[in-house]
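In what follows, a structure is listed as structure tokens, so that the remarks can point back to it.
The values are calculated or read from the model by the stated rules, or taken from the named source; none is laboratory data. Since we're looking at a predicted model, the values are computed, not measured. FYI the Cβ positions are ideal-geometry reconstructions off the backbone, even for glycines, and counts take in every protein chain you see. Just so you know, the surface numbers come from the protein's heavy atoms only, side chains and all, with ligands and any DNA or RNA stripped out. Shrake-Rupley method; radii C 1.70, N 1.55, O 1.52, S 1.80 Å.
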Amino acid sequence: MPREAEPSANEKAFLLKALQDEQIRLDGREFDQYRPLELTFGDEYGVANVSLGKTKILAKASAEVTVPFADRPLDGIFTIATELSPMAAPHFEVNRPTETEVLLSRLLEKTVRRSGALDTESLCLVAGQKCWSVRVDVHVLSHDGNLTDAACFAVVAALRHFRKPDTSMENGVLTVYTPAEREPVPLGWLHSPFCVTWSFFGDEGETALLDADWMEEQVRVASVTISLNRHGEICQIAKLGGVPVEAVALLQCTSVALTKVKEFSTFLDGKLAEDAKRRDKGGFMAELRAENDRVVG
Amino acid sequence: MSTESPLVVLPGEAIDPSLIPTHKKKPLRLGPGLRHIPPSEIVPTVAGQLVVDHRKTSMWIEYNGGRYIPSQGDLIIGQIARSATDFYYVSLSPYTPNATLPHLAFESATKKTRPQLASGDLVYARVSLANRHMDPELECVNSSTGKSDGLGPLKDGMVFDVSLGFARRLLMAKSREEGKVEVLEALGEEGLAFETAVGRNGKVWVGSESVKAVVVVGRALRETDERGLGVEAQRKLVKKLVREMR
């Protein structure tokens, strides 16, 4: 397994000097500025492609009918699977979870699953016998720092974009309709949580940055990931080791995080609306118009 | 001298025989990217622009590859991985086998006066031995004259990653005309004081008294490389960045 590439001593020293003495980041961003965030949806429902600078993540949501867990007969099943393959960076190996991968899937789990963003009771079809199992696969295509924020955004975007097939229940017989028979329906979504990761630098963690890229991540001394939704409800705050940080600084980070999450929310809503408009064929009357293309055959 | 219209070739494509320079006495020399299949076939092995030089009767292919393959005489910037008994292990690019740099391959170095380099330090070195079957070897001194010619450890400053093709253009003797790279000259004209070392393995070291100058140079290089800017666009970019800095 190739070891992760280490930045040189010159680079580390220079980065710290630029941050602490001159207060500038290498790419000219502000300390609380995110890299350009881009989001595209696939043609299929539930595919979201997010790129945050050079970090690229693809999330795909899918659903199938299965048997619910025995101890939770009224709930559906919801899993998030993250995969860091050598495509993202050569030191990742398939099926051998590194620390980064374990932490990433734990954070996504706590943020999206445990906070109840997706209503699992709405996934139940027949109590104790059939339910929907929704699965989100997160593929990291390119790793240039801040996988957590980008992955969480991709997961939320994919789930909100996804449509599950419509079902109906008559006389104990469950019918699942194909997309051609009936329009698929969106998932039961309660709130949209997003992750905001702060990185700290300096002997006492006095300099705080948002959205560290790969080089900045190698040099940081501590990091905290705050997950919350736009109403200010915090799902989790994770600071896993690192240099201790002043409590007041942490509170300031949380309030800035709220502003960023509101921006993310508006951005995502805008993109979803744009996508819905693109797909909207105008309804029945639009299909009957005389100006439409002729169908041959 | 390059032909006026750039001819792009793909691997395995046949080359028009009229393009091959012939000379009564000088033999045809093939550069990187071309392979001679006896008796008379010349086949490209990479995709790129075919360049023909009639004065030197040579031809080669300009291509922008992803992975650096060491070749003899190249100047590179390496990172010391660790120190062994007689030499340092130097990494030229991540996830490739390390090159070796003898402890005494520095200007006027003896066992007592040699530079003590730690893991993570950067060196500007020349590739003294490179072939497919062996790990590459480096030197920081010109073995015939004993002078360092600017090679050796690089102190402070910052190193930036660039693409291999861009590094080659920066290293060309006439980078303004042939390589169409004017970024560094333009930055100097704007009044920034800095020094650079370009490694053929896709790394550019920039050193200066002022941290801001280094950051501006780095950003200019990165933007020029990533967006493939022409000479005019490079000048505009430099003006914009210097203005932002002030």
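Tabulated data
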item: Peptide-level mean, for B:113-123, of C-beta atoms on other protein chains within 10 Å; result: 2
item: Cα principal axis extents for region A:1-157, largest first, Å; result: 62, 34, 30
item: Calculated FRET efficiency for the pair A:PHE69/A:THR259, C-beta based, R₀ 25 Å, to 0.05; result: 0.05
item: Under 16 Å from the Cα of B:LYS236 - lysines, other chains or at least 8 residues apart; result: B:LYS180
item: Lysine pairs with alpha-carbon atoms under 24 Å apart, region A:141-297, spacing 8 or more or separate chains; result: 9
item: Straight-distance crosslink candidates among lysines, where the alpha carbon sits under 25 Å from B:LYS155 and sequence neighbours closer than 8 are dropped; result: A:LYS12, A:LYS17, B:LYS111, B:LYS112, B:LYS147, B:LYS203, B:LYS212
item: A:THR98 paired with B:LYS112, simple spin-label distance in nm, labels 7 Å along Cα-to-beta-carbon; result: 4.6
item: Cα shape, region A:114-223, gyration tensor, a/c 1.5 rule; result: prolate
item: Cα gyration tensor shape for chain B, rounded if a/c is under 1.5, else prolate or oblate; result: oblate
item: Karplus 3J(HN,Hα) series, Hz, for region A:148-155 with 6.51 cos²θ - 1.76 cosθ + 1.60 (x for Gly, Pro); result: 4, 4, 5, 5, 5, 4, 5, 4
item: Computed accessible area, B:GLU244, all protein chains, 1.4 angstrom probe, square angstrom; result: 110
item: In order through region A:227-240: 3J(HN,Hα) via Karplus (6.51 cos²θ - 1.76 cosθ + 1.60), integer Hz, x for Gly, Pro; result: 10, 8, 10, 6, 8, x, 8, 8, 8, 6, 10, 10, 10, 9
item: Phi-based couplings in Hz for region B:42-48 (Karplus 6.51, -1.76, 1.60; Gly and Pro marked x); result: 10, 10, x, 10, 10, 8, x
item: Neighbouring partner chain Cβ atoms per residue of A:10-23, average, 10 Å criterion; result: 4
item: In region A:1-103, the chymotrypsin sites (Phe, Trp or Tyr not before Pro) that fall in loop regions by DSSP, at most 13 other Cβ within 10 Å; result: A:PHE69
item: FRET efficiency, 1/(1 + (r/R0)^6) with R0 22 Å, evaluated for B:ARG82 and A:ASP27 via beta carbons; result: 0.10
item: Extension gain, A:HIS191 back to A:VAL243 (0.36 nm per residue minus Cα-Cα distance, nm); result: 15.5 nm
item: For A:ARG230, distant residues with modelled amide H under 5 Å away; result: A:SER192
item: Cα→Cβ-extended label distance, 7 Å offset, between B:ARG227 and A:GLU181, nm; result: 5.4
item: Mean Cα-pair separation over length for region B:30-108, i.e. relative contact order, pairs under 8 Å, 6 or more apart, %; result: 17
item: B:VAL211 accessible area, 1.4 Å probe, all protein chains in place, Å² to nearest 10; result: 10
item: Mean ellipticity per residue at 222 nm, deg cm²/dmol - from DSSP H runs of n ≥ 4 across chain B, formula -39500 (n - 2.57); result: -6000 deg cm²/dmol
item: Within-12-Å neighbourhood charge of A:THR175 [Cβ basis; K, R +1; D, E -1]; result: -1
item: Surface accessible to a 1.4 Å probe, A:ILE234 within the full protein complex, Å²; result: 80
item: Loop-located trypsin sites (Lys or Arg not before Pro) in region B:119-167, at most 13 other Cβ atoms within 10 Å (DSSP); result: B:ARG132, B:LYS147, B:LYS155
